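As structure tokens, the structure follows; a few thoughts come after it.
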Amino acid sequence: MNDLLELDPLGPVLIVGGYGTVGTALTHLAGTQWPLLLTGRNPGRGSHLAGGNVTVERWDLGQPEPFAAKARAVISTVNDPDDRVLRAAVSAGIPYVDVTRWTSRVTRATAQATLMRPTAPVLLSSGWMGGVVNIVAAALAQDAGGGDQIDVAIRYDINDTAGVDSVDFMDRLGLDFEVRKGGKAAVVRPLGDTRWVDIAGHRTKVARLDTPEQFTLPLTLGAGSVATRIGFSSKTSTTALLAAGAVGLFRWGSGERWAPLRRSLLYSPGAGGTAHIRVDVNGPKGLRTAVISDPQGQAHLTALGGLLGLHNVLAAGATPGVSFPESDKDPGASLAKLETHGVTILRS
């Protein structure tokens, strides 16, 4: 690709996918702080966001036409399967944030960016909800004297809004994945290892899910075991999803023929709901727990993760090179910023 981005410290923040579900939420948050340039396949869909300090242009990552722009930072809120946005930003020395990659693509992006020897920060913030879970885990690990074992339990509100990229992410439920368990590599099956967990006062059945923080937290915090599990606000939906996994739907039904059925289980966005997540960190000083609740839902919480990422890569003295959200120098301060946007974080 011949995309040509250019660093302009006074230019806009470029939000790739800036009028999608998460991109729109991020635009509302970031538009009060910086000028913005939003891009996507169909710029007409973002016309309602244009005006003032927000402009909208076409950049179709699936087409060969080159894209050119000046920017102070770039954040990707869409899947970038060919690392096109990443490569353009790193080549130009522009601070970069990514909030939408699944685990295998995080590992590839880490290698790709490192080999390019970045001269600006590259924050791969694709842990659950834009890396918010990672930051909370880091703060708890500080209190616990370390993070020997980290457990994340997600209560997915079936009434919540959701972008189409959430389907691509969760459509990988037919693939086994590697985690750290007891300090050793272990391969686990999606939707297995179920348990009941109290999440914000809701007894929720949760099962294993492949997420990037299970890859990064052992590297950054030295965690010996990391497990992320998900359940739904509807017991019927949870039962249906687990039953589909038990009969192997996500394995033998992985092709396009079965896509409508798979996605009917995973993608039915509503008008809005509350995002609830519980994070437990066990360390030398004992167990530390936090329950994260965002009444504005998962898209808003993911956008806040992206906003924190932008603040980190644009901060004075930000270190060039690849990092992850839990590398935040002051995770407690980041949690305080989340709370100013209506997020509740109850720690115990």
Residue among 143, 98, 80, 151 that is at pLDDT below 95 and in contact with a strand residue (DSSP E or B) (Cβ under 8 Å, 6 or more places away or on another chain): 80
Test for residue 293: is it surrounded by fewer than 21 Cβ atoms within 10 Å (Cβ to Cβ) and at pLDDT below 95: no
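Can you name every residue in the stretch 142-157 that is part of a helix (DSSP H, G or I), under 20 Å from residue 183 (Cα atoms) and open to solvent by 10 Å² or more (accessible area, probe 1.4 Å)? First the steps, then the outcome.
Narrowing the stretch 142-157 to residues part of a helix (DSSP H, G or I): 142-144.
Still in the running and under 20 Å from residue 183 (Cα atoms): 142, 144.
Answer for the stretch 142-157, where residues must be part of a helix (DSSP H, G or I), under 20 Å from residue 183 (Cα atoms) and open to solvent by 10 Å² or more (accessible area, probe 1.4 Å): just 142.
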Residue in the stretch 42-52 that is of a type in the set (Lys, Arg), part of a loop (DSSP other than H, G, I, E, B) and surrounded by fewer than 20 Cβ atoms within 10 Å (Cβ to Cβ) present: no
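Which residue is most open to solvent (accessible area, probe 1.4 Å), if the candidates are limited to the stretch 299-348 and must be part of a loop (DSSP other than H, G, I, E, B) and on the phi > 0 side of the Ramachandran plot?
Taking the stretch 299-348 and keeping what is part of a loop (DSSP other than H, G, I, E, B), we get 315-320, 324, 328-330, 341-343, 348.
After this cut, where a residue has to be on the phi > 0 side of the Ramachandran plot as well, the list is 317, 342.
Details: 317: 68, 342: 38 Å².
Checked the stretch 299-348; the qualifying residue most open to solvent (accessible area, probe 1.4 Å) is 317.
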Test for residue 113: is it more than 19 Å from the chain's Cα centre (by Cα), small (Gly, Ala, Ser) and part of a helix (DSSP H, G or I): no
Filtered residues of the stretch 87-141 (kept if surrounded by 24 or more Cβ atoms within 10 Å (Cβ to Cβ), touching a Leu at 6+ places or on another chain (Cβ under 9 Å) and more than 20 Å from residue 212 (Cα to Cα)): 88, 89, 94, 95
Residue 15 being assigned to a loop (DSSP other than H, G, I, E, B) and crowded, with 23+ Cβ neighbours inside 10 Å: no
Subset tally (residues that are closer than 18 Å to residue 182 by Cβ, over 19 Å from the mean Cα position of the chain (by Cα) and among the basic types (Lys, Arg)) for the stretch 194-228: 1
Filter result for the condition that a residue is farther than 18 Å from residue 217 by Cα and assigned to a helix (DSSP H, G or I), over 104, 91: 91
Cβ pairs under 8 Å, 6+ apart, first in the stretch 55-82 and touching a residue at least 60 places away in the same chain (Cβ under 8 Å), second in a loop (DSSP other than H, G, I, E, B) and among the hydroxyl-bearing types (Ser, Thr, Tyr): 76/100; 77/100; 78/100; 79/100; 80/100
Residues of the stretch 223-251 satisfying the condition of being at pLDDT below 90, surrounded by fewer than 18 Cβ atoms within 10 Å (Cβ to Cβ) and touching a helix residue (DSSP H, G or I) at 6+ places or on another chain (Cβ under 8 Å): 237, 240
Lone unmet requirement of (1) free of Cβ contacts under 8 Å to residues at least 24 places away in the same chain; (2) out of contact with any strand residue (DSSP E or B) (no Cβ under 9 Å at 6 or more places or on another chain) for residue 104: (2)
Candidate set: the stretch 177-221, residues that are in contact with a Pro (Cβ under 7 Å, 6 or more places away or on another chain) and assigned to a loop (DSSP other than H, G, I, E, B); chosen: the one surrounded by the fewest Cβ atoms within 10 Å (Cβ to Cβ): 210
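The values are calculated or read from the model by the stated rules, or taken from the named source; none is laboratory data. These numbers come from a predicted model, not from an experiment. Cβ coordinates were reconstructed from backbone atoms using ideal geometry, including for glycine residues, and neighbour counts include every protein chain displayed. Surface areas here come from the heavy atoms of the whole protein model, side chains and all, with no ligands, DNA or RNA. Shrake-Rupley method; radii C 1.70, N 1.55, O 1.52, S 1.80 Å.
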